[in-house]
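Down below is the structure, laid out as structure tokens.
The values are calculated or read from the model by the stated rules, or taken from the named source; none is laboratory data. From a predicted model like this one, the values you see are computed outputs, not experimental measurements. Cβ sites come from the backbone with ideal geometry, for glycine too, and all protein chains shown count toward neighbours. Ligands, DNA and RNA are stripped out before the accessible areas are found, and what is left, the full protein with its side chains, is counted by its heavy atoms. Shrake-Rupley method; radii C 1.70, N 1.55, O 1.52, S 1.80 Å.
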Amino acid sequence: MTGDNRRHLSYTNTFTLNYRFSPMDSWCGKLLTSILLLPFIAGNYRRRQNGSGYYDCIISSRVLFLVVLSIVIVFTASKKIPSHSEIRLGFVLILLSLLMIFAVIGFCVQGYLVHKHGLQYIVAARRNASTPKLQVVFLWLFGLASAFYCAFFVSKQIECSKNTAGGYLWNILFYFNIILLLCLFSQMFVITYFSPYELKQTHLVNYSMSLLLVANVCMFVYVTLVGETILFVIDRNPDSDIANCLENNSTISVLLEKSNPILKPNFTEFCLLSCTILLEIWSPMKEVQLLDEETSYLEIGGIEHTERLPLLSNFTASEHRRSGNEGKRTACQLITLVFSITAGLGLIVCYVVMAMDIGNIDYMRNVAEIYELALKVIIVLAVFIGFFCLVSYCTPDTSPEDLKPSEYVYLLSAFGLFMMHICEGIGGDMSFNNAFMATSILSIVQNYLQVVFLLHANRCKKSDPRLKIHLLESILIFIMICNFIFWFNNSFLLSEFSITRMLEHDNFPTELSSVVYNVLLPVSVFFRFTSFLEYYATFEKYNK
């Protein structure tokens, strides 16, 4: 081995040592990473040329997108439900506004970096595309038409707000349209500037573009489902001063009425074309390759470290440690299994009592909801402990790869489950059942964390193959058994006995209840069973 190679190996080993024992690798740092960072940045682990590592958020971003899209779909589609419909639609508008605001902030930061460091700081290469200019021309046409429609709507709101007081939804609509105008022009300028290039994969670019994509898709879904906003406001308050103002024949009203069939469809075209161009200039599927020179140093360092290990002593130590810890390992797994089955049987008993119509059904429903709420709180805590184990005892796979087709099917079933929980939350809101609402909200959080944890754990491996992580194995067993219990409840009790269903009351529309229990419930059953199988496979992976 030459002197240059030795110097490079020394530098690499020194950097690896410093990286391994950085402040974030302390116990407190690992705890903060597992609770505050990893659930939201989980994905493939990649390394930059300087040796630092980062996650590409390929897992967490997709699951978060499904959660946001579920909220937009269910909250908007339930606008005809009279109870708290304005609050739900206002929440959707606030959510979309936040996405757009953070995306615009990301654009501003990118512009500052380009101004300070040059275009090469953001841009990776020039695109080999023949139609970027034509795409940009149509993008501006659609964008300006959408901006005119928003401007007319804001002008009408200003006109009607002079002498009348608008409600909750009316005020949110006003600020939403202003933010939308800002986002439209920011988006058009950014896409025009970067359309000839391909963007680099950095945290800032990934966050900004992903937020913008989510906002565009969700706004398209919202506009499609909500229909004519002015008519909705008039129908909700037919005798109010706002409705009278919207129905008068002022100049702005005439402009809105005449331009609506022409300008409003352009908003859909703008959202879809914007998403198309964004995915062309920035693709989250791109792989970040290490330089050959750097890769060779890492490989040589690993080989040198392996050659220094005495084979016989390792074998002896491994055998001694295995024989000494096998009993403890089996005991931990059995205790976890017994506890999981016992906790799950309590929930099954509650549902069986409801199915057999024993005692006061309302009382048993409250008991079942409180029991399920407590069980899901424990699952959330278990998932965070599992993240801590992955940070402490495992290393992520550095080979960048996209999700597998089976994982996309799994995410699609999670999408149906998210929508089902949101529908249940609406039902709890209508019946003023606080435990039911709390369980529905916590269920969304629990299933989000569960999906991210499972997919991320499949992309990690033990730092030492001989290491036995009893706590992580117990966590996997507990979540696996809980998903089996939920699968049993949904398949044989919730599906077959309507008395166990919480949405079967007069205030909840029959059509929506039918969708929940005939479409979304079978999807959630598939999700629970697939989760049980996938967690078992992951347990087998770490149990070796």
**Q.** Sequence-distant residues sharing a close amide H with Y45 (under 5 Å, placed H)
**A.** D397
Q.
Tell me the carbon and sulfur percent of the accessible area for the range 53-282, rounded to whole percent, probe radius 1.4 Å.
A. 68
Q: Provide the solvent-accessible area of L412, counting protein heavy atoms only and rolling a 1.4 Å probe, rounded to the nearest 10 Å².
A: 110
Q: Identify, among L181, P196, I277, the residue whose Cα sits farthest towards the positive end of the charge dipole of the range 144-290, taking +1 on the Cβ of Lys and Arg and -1 on the Cβ of Asp and Glu, with the dipole about the Cα centre.
A: P196
(Q) From Cα pairs below 8 angstrom and at least 6 apart in sequence, can you work out the relative contact order of the range 53-282, rounded to a whole percent? (A) 34
(Q) Suppose accessible area is computed on protein heavy atoms with a 1.4 Å probe; arrange F484, F527, F267 from highest to lowest. (A) F484, F267, F527
Q. Can you pull the accessible area of L278 for me, 1.4 Å probe, Å² to the nearest 10?
A. 0
Q: Take every Cα-Cα pair in the range 53-282 and report what % of them are more than 23 Å apart.
A: 52
Q. Accessible area per residue, 1.4 Å probe, Å², for the range 326-543: what's the number?
A. 42
Q: Classify the range 32-163 as rounded, prolate or oblate, taking a ≥ b ≥ c as the square roots of the eigenvalues of its Cα gyration tensor: rounded when a/c is under 1.5, otherwise prolate if a/b is larger than b/c and oblate if not.
A: oblate
Q. In what order, largest first, do R62, R88 sit by accessible area if the probe radius is 1.4 Å?
A. R62, R88
Q.
Heavy atoms only, 1.4 Å probe, whole protein assembly: order K156, K258, K461, K468 by accessible area, highest first.
A. K258, K461, K468, K156
Q. In the structure shown, do any of K133/K156; K376/K462; K200/K264; K79/K156; K133/K404; K79/K376 have a Cα-Cα gap over 25 Å, and if so which?
A. K133/K156; K376/K462; K200/K264; K133/K404; K79/K376
(Q) Treating only the Cα positions of the range 326-543 as identical point scatterers, give the base-10 log of I(q)/I(0) from the Debye formula at each q in 0.11 Å⁻¹. (A) -0.56
Q: Take the Cβ-Cβ distance between Y168 and A374 as r, set R0 to 56 Å, and report the resulting FRET efficiency rounded to the nearest 0.05.
A: 0.95
Q: Please give the peptides 330-339, 67-76, 219-228 ranked by average Cβ packing (other Cβ atoms within 10 Å per residue), highest first, as a rough proxy for protection.
A: 67-76, 219-228, 330-339
(Q) Pairs of alpha-carbon atoms within less than 8 angstrom and 6+ residues apart define the contacts here; what relative contact order does the range 326-543 have, in percent? (A) 33
(Q) At 7 Å along Cα-to-Cβ for each site, give me the label-to-label distance between K544 and L32 in nm. (A) 3.5
**Q.** Accessible area expressed per residue, the range 53-282, with surrounding protein chains retained (probe 1.4 Å, Å²)
**A.** 45
Q. Which FRET efficiency value, to the nearest 0.05, do you get for L182 and V409 by plugging their Cβ-Cβ distance into 1/(1 + (r/R0)^6) with R0 = 45 Å?
A. 0.75
